Amino acid sequence: SQKIEQNSEALNIQEGKTATLTCNYTNYSPAYLQWYRQDPGRGPVFLLLIRENEKEKRKERLKVTFDTTLKQSLFHITASQPADSATYLCAPPSGGSYIPTFGRGTSLIVHP
Amino acid sequence: DGGITQSPKYLFRKEGQNVTLSCEQNLNHDAMYWYRQDPGQGLRLIYYSQIVNDFQKGDIAEGYSVSREKKESFPLTVTSAQKNPTAFYLCASSIEGGPGNEQFFGPGTRLTVL
């Protein structure tokens, strides 16, 4: 069955550094993938969508890559700030459906 | 302000009781969704609706029921048949049910069974 894997351990980095979060998927080939941000006790917020024919997508300090050969998406935040601290969720569509299937998310903690 | 609202924010229920969670949106979105989130886990789809008066089961529909009588409303009932209902419930909407549409989430309802 299809599987989405994100690092379960929190990522701790210093302010100003680049954070890189990984999303790996297995047993299927999604045509696109979404990334969301979730703060504690709140609903996720959509950040970016990247399609299989796009190697890279940028939005301000955010950059997402999509490697269909490696079955992996990387999410980068450059010049990270403490306000970037949150959980980031990877969400490709479920196989046979358009509805996002959410990974467990990776918690990012940016230290001042 | 356009958005999606859920109420209440916190809900306590005794075992054996049914409880209904409210979800309203004024974004004029056709599609609405209910997810459940447990600590350390991803969101799991309970039910979704692509259009008024129509809805489909998600991955974990057992013990839950929904209705979609109005475009802006998609209430979720947690029945006594749900074995482990304590969780964080999230409602979402998208402009339509189709590939690539971003989902807009409400603030969530935290349900605790006493």
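Below, the figures for the structure above:
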| quantity | calculated |
| --- | --- |
| Relative contact order, percent, the range A:49-103 [alpha-carbon distance under 8 Å, six or more residues apart] | 20 |
| Residue among B:N53, B:S67, B:L114 farthest towards the positive dipole end of the range B:11-114, charges placed on Cβ | B:L114 |
| Within-13-Å neighbourhood charge of B:Y64 [Cβ basis; K, R +1; D, E -1] | +2 |
| Exercise: per-residue mean of other protein chain Cβ atoms within 10 Å, A:97-110 | 5 |
| Debye intensity ratio in log₁₀ form over the Cα atoms of chain B, taken at each q of 0.13, 0.16, 0.20 Å⁻¹ | -0.44, -0.66, -1.04 |
| GNM flexibility winner over chain A from A:E15, A:E52, A:E60 (Cα, springs under 10 Å) | A:E60 |
| Antiparallel %, DSSP beta bridges [both residues in the protein assembly as shown], to 5 | 90 |
| Calculated from backbone phi, Karplus (6.51, -1.76, 1.60) coupling profile of the range B:77-86 in Hz, x at Gly/Pro | 9, 9, 8, 5, 6, 6, 6, 9, x, 5 |
| Sparse-neighbour loop sites [GluC sites (Glu not before Pro); the range B:24-112; at most 14 other C-beta within 10 Å; DSSP] | B:E62, B:E69, B:E96 |
| Size-normalised alpha-carbon gyration radius of the range B:56-114, reference 2.2 N^0.38 Å | 1.24 |
| Sparse-neighbour loop sites [chymotrypsin sites (Phe, Trp or Tyr not before Pro); the range B:48-114; at most 10 other C-beta within 10 Å; DSSP] | none |
| Average silhouette area of chain A, convex hull of alpha-carbon atoms, in square nanometres | 6.8 |
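Read-outs: derived from the displayed coordinates by stated rules, not from any lab. Not measured: the values here are computed from a predicted model. We place every Cβ from the backbone using ideal geometry, glycine too, and count neighbours over all the protein chains shown.
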